[in-house]
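The values are calculated or read from the model by the stated rules, or taken from the named source; none is laboratory data. Predicted model, so just to flag it, every value in this text is computed and none were measured. In this analysis, Cβ positions are derived from the backbone assuming ideal geometry, glycine residues included, and neighbour counts consider all displayed protein chains.
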Amino acid sequence: MSTKSFLLTLTVLIPATIQAQAPAKAWLWAHSPTTAPYEPTPLYSYNSSGVANAILSHASTGEWVVDLPAIGAPTSFSGNYHVSAYGGAHFCNVYGFGPVATSMRAGVKCYDNAGTLVDARFTLLFHRQTANRPTPGAYLHANGETPIGVLTPVGPGSSWNSTGVVNFIVRQGTGRYQVNLAGMPPTGSQAMVTAIHNGPVRCQPISWNGGAGGTAVQVRCVSAAGVATNSDFF
């Protein structure tokens, strides 16, 4: 059985104009929390350009900059990032992202369950598509301050849908969102969500099912204390 992935992401930087880029993929396992700079173990790191990914800096406890070389351009913010905590009792999010020369970079922070920054391992996935394709898939960068109850389209530079249609988001209340992915089958699928925030906030998919002519994904964002919080997300 084939699996379809719906990648939902959050970002803090939204440029006025975005240049279309070629499809790209990269992922890594950041296995050495207190080391920087270093290149992650090749067995657990991939870049579609063929150039090695790197952890560029570890400026302070629980904070890193990840470099994905040769898949960016100075005017490109398009693409989707996902960060997952690896091992331990912690969670991670993206606090910033964008192009630097020919690289795509992401700032990552990890927190313990009390909301304190902590050195810990994580994985990161980057995905960019630019054209329609027969295999279902979609992603977006959601604005966490979207007006409540307003069906809001997500622009093409921050969103992709394999059917070529527009993705939408509706904020249902503080920290609660519905993402509408038209044309996406709700079965045999997976939803991934990463908070984009400069503090200890996490976002996660609550459910996804048929709706809006495709799949409707329910997303919830909370603080480390479990308080509902508005946040951008992928």
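Of the residues contained in the range 64-81, none is found to be more than 18 Å from the chain's Cα centre (by Cα) and within 25 Å of Val201 (Cβ to Cβ).
Filtered by the rule that a residue be touching a strand residue (DSSP E or B) at 6+ places or on another chain (Cβ under 7 Å) and modelled with pLDDT of 50 or more, the range 4-31 gives Gln21, Pro23, Ala24, Lys25, Ala26, Trp27, Leu28, Trp29, Ala30, His31.
Phe126 falls short on exactly one of the conditions (1) within 20 Å of Ser207 (Cα to Cα); (2) modelled with pLDDT of 95 or more; (3) crowded, with 17+ Cβ neighbours inside 10 Å, and that condition is (1). Among the numbered conditions (1) within 22 Å of Val118 (Cβ to Cβ); (2) within 19 Å of the chain's Cα centre (by Cα), the only one that Val227 does not meet is (2). When Thr34 is tested against (1) in a loop (DSSP other than H, G, I, E, B); (2) modelled with pLDDT under 95, only condition (2) is not met. Would you mention how many residues in the range 82-103 are more than 18 Å from the chain's Cα centre (by Cα) and at positive phi? Qualifying residue count, the range 82-103: 3. The set of residues in the range 58-83 that are exposed (fewer than 15 other Cβ atoms within 10 Å of the Cβ), assigned to a strand (DSSP E or B) and without any contact (Cβ under 8 Å) to a residue 40 or more places away in the chain contains only Ala59.
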